[in-house]
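Each value in this text was obtained by applying a stated rule to the coordinates, not by laboratory testing. Please read all numbers here as calculations on a predicted model, not as lab measurements. Counting neighbours? That spans all protein chains shown, and the Cβs are built from the backbone with ideal geometry, glycine included.
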Amino acid sequence: MQLPVTLSTSEPEPDIAIVKIDPQVYGVRGAWRQPYRHPSSQEIFFLIEISDTTLKIDRQEKTLIYAKANIPEYWVLDVSNRQVYICRYPTPKGYKSETILSDSGVINPLNFPSLSLSFAEMFLP
């Protein structure tokens, strides 16, 4: 489910947000379990966009928004070309590093270095 993240200038809705969970802050109200607020940029480990028709926006506009918000890591899964763009080390002008991996690539997220994720499992056969 796409839910917003709260940045200083906007509330984008990435496809996947890996965030710090604090049960005291992200408590629930009523039966629908609605969060009291959305995660802020300081609580985001990394964001993922799954891109088919929005690749240009995801790789240009959103990359700059997330880098300016100091999101440590941002991934764009390009489903058409079966590759992943990994953006790391944010600066006010963009990310310092962009790595392109094929769907057979494996990565260790910056905030979870002992975790290896295979992109083959993220793309349909």
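Using the rule -39500 (n - 2.57) for each DSSP H run of four or more residues, divided by the residues of the chain, the 222 nm mean residue ellipticity is -1500 deg cm²/dmol. Inter-label distance, Gln42 to Ser118: 3.9 nm, where each label sits 7 Å from its Cα along the C-beta direction. Working note: Cα gyration tensor of the range 67-125, eigenvalues times five, square-rooted, sorted largest first, giving semi-axes of 22, 14, 8 Å.
For the chain, with equal point scatterers placed on the C-alpha atoms only and solvent neglected, what are the log10 I(q)/I(0) values from the Debye formula at q = 0.16 1/Å, to two decimals? Debye curve over Cα of the chain, log10 I(q)/I(0) at q = 0.16 Å⁻¹: -0.80.
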